[in-house]
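Below you'll find the structure, written out as structure tokens, and then a few comments.
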Amino acid sequence: MAVIPVDIAGRPYEVRVGAGLLPDLVAQCGARLRKAAVPIVTDVNVHAQWGAVVDTALRAAGHEPHWRILPAGEQTKSWQELAATVDWLLGLEVERGDHVLALGGGVIGDLTGFCAAILKRGCNFIQIPTSLLAQVDSSVGGKTAINTAAGKNLVGAFHQPSLVLADLDVLGTLPERELRAGYAEVVKYGLLGDAAFFDWCEQNGAAMLAGDAALREYAVAHSVSAKARVVADDEFERTGTRALLNLGHTFGHALEAQTGFSDRLLHGEAVALGMVLAARYSARKGLMPPEEAERAARHIESMGLQARLPSLGLNCDGRVLVGHMLHDKKMDAGTLPFVLMRGIGQAFLDRQVDLADVTVFMDEELAR
Ligand code: GLY
């Protein structure tokens, strides 16, 4: 098992990455489970796959699991589910010092974390991420949120978990498409700040996705370590360091919005293509050697992810896509910061990007 410290001032915690953590849940949580009753929020799919393992582990140690099993999918990150889940936790008389368990992917982690952030002005929670994307990104760093009619993740809080348990065995039951989409957030760490890790991804990404256990542990632990360093440095995304984790997300957000945040394009798939667009736009501006941008695109494509805009079959022009970007929550006094690249492993934040120029670029990419 790899243990990665997240050194947040005053509230440090660990991310543990390894096989067999779910059956060993009670020992892993230790004194954090201080009462018999244990509230667990999950979704129907995860419950069907892993509910019995978690239930058995808790009951064997004398605990009484209380399950809240929500529908799977983004629509669960809503005001309605937030209110209902908070009421459910209040009904269980959860106290600030208690821990709520979030067993699921990003949706469950974000919703449960936000409930924990506001319950009695903040109670503890433990992230037990069950998707690759949640293990390497969303479960670490304390971003919690729900979606509203105005957009995704527009209401939320920074609230750090007390512990993250990333059980690698859960990756073996994920649909292949979801695993590939999660891989985008792995290769992101190479592209944004770690050229040697990008080399590693080129050499090992396919075998890792195919199921090699040692490579999976390395990929998840290395990604989490990268994220932990960034989060410890800039917990609240104020200095610009944490914003680099948004590589590919501004372009990707436009693609997700245009495809209706639907199964047509998963978040990780949008991030993968978004990173290629960020690299190509950087090359077009003379910031990054074009061959490096194409190297990034080749790797993304070789992993079964889209690296060309026309393959999405979007029925729109660049102006429409840039219009979606203007609703990004990162808009700041009329400007939109973009994460661009000087090379593989050399991302930086550019606050002066000309959106008219991005529109021309998107039209070129749509016609590519
Ligand atoms: N997913 C980006 C961040 O946690 O900052």
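With the condition kept exactly as written, say whether any residue in region 110-118 is modelled with pLDDT of 95 or more and surrounded by fewer than 21 Cβ atoms within 10 Å (Cβ to Cβ).
yes
Under 6 Å between Cβ atoms, at least 6 apart or on separate chains: pull out the pairs that start in region 135-155 with a residue that is under 29 Å from residue 22 (Cβ atoms) and of a type outside the set (A, V, I, L, M, F, W, C) and end on any residue that is in a loop (DSSP other than H, G, I, E, B) and away from the ligand (no atom under 11 Å from the Cβ).
142/159; 142/160; 144/159; 147/77
Would you mention how many residues in region 276-298 are touching a residue at least 40 places away in the same chain (Cβ under 8 Å) and surrounded by fewer than 21 Cβ atoms within 10 Å (Cβ to Cβ)?
5
Show the residue pairs that are 6+ apart or on different chains and have beta-carbon atoms under 6 Å apart, the first residue being within region 228-240 and over 14 Å from residue 140 (Cβ atoms) and at pLDDT 95 or above, the second being of a type in the set (Phe, Trp, Tyr) and within 12 Å of the ligand (Cβ to nearest atom).
Matching pairs, first to second residue: 236/158.
Select from region 49-82 the residues that are in contact with a Ser or Thr (Cβ under 7 Å, 6 or more places away or on another chain) and buried (at least 20 other Cβ atoms within 10 Å of the Cβ) and list them in ascending order.
If the condition is that a residue be in contact with a Ser or Thr (Cβ under 7 Å, 6 or more places away or on another chain) and buried (at least 20 other Cβ atoms within 10 Å of the Cβ), then 50, 68, 70 are the ones that fit.
Would you check which residues across region 105-157 are closer than 30 Å to residue 209 by Cα, of a type in the set (Gly, Ala, Ser) and in contact with a strand residue (DSSP E or B) (Cβ under 6 Å, 6 or more places away or on another chain) and list them?
109, 113, 139, 142, 145
Among the residues of region 242-260, which ones are surrounded by fewer than 21 Cβ atoms within 10 Å (Cβ to Cβ), away from the ligand (no atom under 16 Å from the Cβ) and either of a type in the set (Ser, Thr, Tyr) or in contact (Cβ under 8 Å) with a residue 12 or more places away in the chain (or both)?
Residues satisfying the conditions are 257, 258, 259.
Would you point out the residue of region 334-363, among those that are out of contact with any helix residue (DSSP H, G or I) (no Cβ under 8 Å at 6 or more places or on another chain) and over 22 Å from residue 245 (Cβ atoms), that is modelled with the lowest pLDDT?
Only one residue tops the list, namely 334.
Would you point out the residue of region 229-241, among those that are under 16 Å from residue 194 (Cβ atoms) and within 11 Å of the ligand (Cβ to nearest atom), that is farthest from the chain's Cα centre (by Cα)?
Once the filter is applied, the top-ranked residue is 241.
Tell me which residues, restricted to region 29-53, are over 23 Å from the mean Cα position of the chain (by Cα) and part of a helix (DSSP H, G or I).
Selection gives 30, 31, 32, 52, 53.
The values are calculated or read from the model by the stated rules, or taken from the named source; none is laboratory data. Please read these numbers as outputs of a predicted model, since none were measured by experiment. In this analysis, Cβ positions are derived from the backbone assuming ideal geometry, glycine residues included, and neighbour counts consider all displayed protein chains.
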